[in-house]
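What follows draws every value from the coordinates through simple rules; no lab data is involved. The shown structure was predicted, so the numbers you read here are calculated from the model rather than taken from an experiment. Heads up, the Cβs are rebuilt from the backbone with ideal geometry, glycines too, and the neighbour counts pull from every protein chain shown.
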Ligand SMILES: C[S@@+](CC[C@H](N)C(=O)[O-])C[C@H]1O[C@@H](n2cnc3c(N)ncnc32)[C@H](O)[C@@H]1O
């Protein structure tokens, strides 16, 4: 093998870093798609920006549309998702530790590596276009470093790199699958614990979690039926939610659809619809017109519950601690019989005696990683302890606020057992509240496991990984 090609290139650390770019205001470059992707990667790293908010706003500021916008989207989201896998491979191809490589340069190497390994762009074009970016921003010596690293990466395809850098599946199945599907190990382990699998099902779950999710709409009850909405939007009725519509992947921006602009429909994952509906399913004796949503912002489930209750003549109280998120709830539930309150759900200033209470608790969001490309690399296991305390306290508060015979639903968008079964077991032990078989509240949904709680999964149900437990007070 050619010695120059096998020698690990060094660079970045002691040399002049790429000039700081001036952010979104700078004029579009010759390669607007890649430049936009690079700028968003930097905003994610430096400012903790959300890629799925930063990118659309930057595309619109720079008037990037059509194929360039599609390419920028693919490169930005794909690179954010695959970061851990890309870093492992880049690390193999550089003689410097990644921590010694200038962070801007590392971002562009990730962008180049992603193109080489996970797109149909020919490897030589991926290398050349990335090196051009570096040359334009950082000068020729850094371009040389980038060229050497990326050319080494292009000597193998993704499968071959995984075989080289991942731990052997026989020694460490979770570690192997985590790297193969570009997830942090602790998250792959959390999925494995929840599924009871370190084999094929874990691989399916991680693969589905690494894919672009379908977009679902909620047809607002009382406004439009799912069949009508599907006919207007060209989507199809969702498999399980009577109010859900699954959009065709080529539909474009769902916010531009007429029924969404006019407020007859909103974007909402089918799993969220099912979890909200589950709280309405168990029978309660006597009055059933006073419901509470204890963690309501930004108002997705309050919208569905409020619409159902408005049709029946009841009222939903929607509590949200953050004022700006309470505003979102107000907007989402305009025209419905919903009272929005800014309050702390742990000790709200409310009259107890609700017929149904939903606790859609703050959580790690490990069940919706598909929707936030960078989220899997930002979350930390240390987030769990504080969230766990909050989740327990909110669920205990919900039990206190519910009348005897009423129903409480505990929902999190996470399969992590410490946020799901751990919280449920603790609250059942402390209060003696009776857990219901939540599977009965998900009619016609297959593969719900042994119960009594329900855990939805992208690979089984095509939804986010929502967890739902139901209780009778
Ligand atoms: C998972 S989100 C709820 C999503 C919402 N149910 C929906 O479907 O759109 C959790 C919400 O709880 C809010 N929250 C956090 N701590 C709270 C507290 N102590 N009391 C009330 N709300 C709280 C957060 O600001 C966040 O908006």
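Two decimals, Cα atoms only, Kirkwood Rh: what is Rg/Rh over segment 381-431? If you can, show how the numbers build up before the last one.
Working: Rg = 11.2 Å, Rh = 11.5 Å.
With Rh from the inverse mean 1/r over Cα pairs, Rg/Rh is 0.98.
Each of 416, 181, 324, 459 was scored by other Cβ atoms within 10 Å of its Cβ. Listed from fewest to most, they are 324, 459, 181, 416.
By definition, a body whose alpha carbon gyration tensor gives a ≥ b ≥ c is oblate when a/c is 1.5 or more and a/b is not larger than b/c, and segment 216-267 fits this oblate description. Computed over the chain, the per-residue total of -39500 (n - 2.57) for DSSP H runs of n ≥ 4 gives a 222 nm mean residue ellipticity of -14000 deg cm²/dmol, rounded to 500. An oblate overall shape is assigned to segment 83-163, the ratio a/c of its alpha-carbon gyration tensor axes (a ≥ b ≥ c) being 1.5 or greater and a/b not exceeding b/c. Enclosing the Cα atoms of segment 166-209 in their convex hull gives a volume equal to 57 cubic angstrom per residue. When you work out D = kT/(6 pi eta Rh) for segment 272-369 at 20 °C and 1.002 mPa s, using the Kirkwood radius from C-alpha pairs as Rh and the Stokes-Einstein form, the result is 159 µm²/s. Counting only alpha carbon atoms, the long axis of helix 83-92 and the longest principal axis of the chain meet at about 20°. Exposure proxy for 79, 310, 393, 333: other Cβ atoms within 10 Å of each Cβ, ordered fewest to most, give 393, 310, 333, 79.
To the nearest ten degrees, helix 32-47 and the longest principal axis of the Cα atoms of the chain are 60 degrees apart.
Would you mind getting the Kirkwood hydrodynamic radius of segment 86-132 from its Cα pairs, rounded to one decimal in Å? Before the final figure, lay out the partial values.
Working: mean 1/r = 0.0919 Å⁻¹.
Computed over Cα pairs of segment 86-132, the Kirkwood hydrodynamic radius comes out at 10.9 Å.
Over segment 211-304, all Cα pairs binned in 10 Å intervals from 0 give whole-percent P(r) values of 16, 47, 28, 8, 1, listed from short to long.
Shape annotation for the chain: C-alpha extents along the principal axes are 81, 49, 39 Å, from largest to smallest. Among rounded, prolate and oblate, which fits segment 381-473 when a ≥ b ≥ c are the square roots of the eigenvalues of its C-alpha gyration tensor, a/c under 1.5 means rounded, and a/b larger than b/c means prolate? Oblate. Legend: Rg and Dmax of segment 283-472, from Cα coordinates, 16.0, 48 Å. The calculated P(r) of segment 52-97, using every Cα pair and 10 Å bins from 0, goes 24, 38, 24, 14 in percent.
Expressed as a rounded percentage, what relative contact order does the chain have, with Cα pairs under 8 Å and six or more residues apart? Don't skip to the end; give the middle numbers.
Details: 852 pairs, mean separation 57.7, N = 473.
Result for the chain is 12 percent.
Compared with the dominant Cα axis of the chain, that is its longest principal axis, helix 123-138 is turned about 80°.
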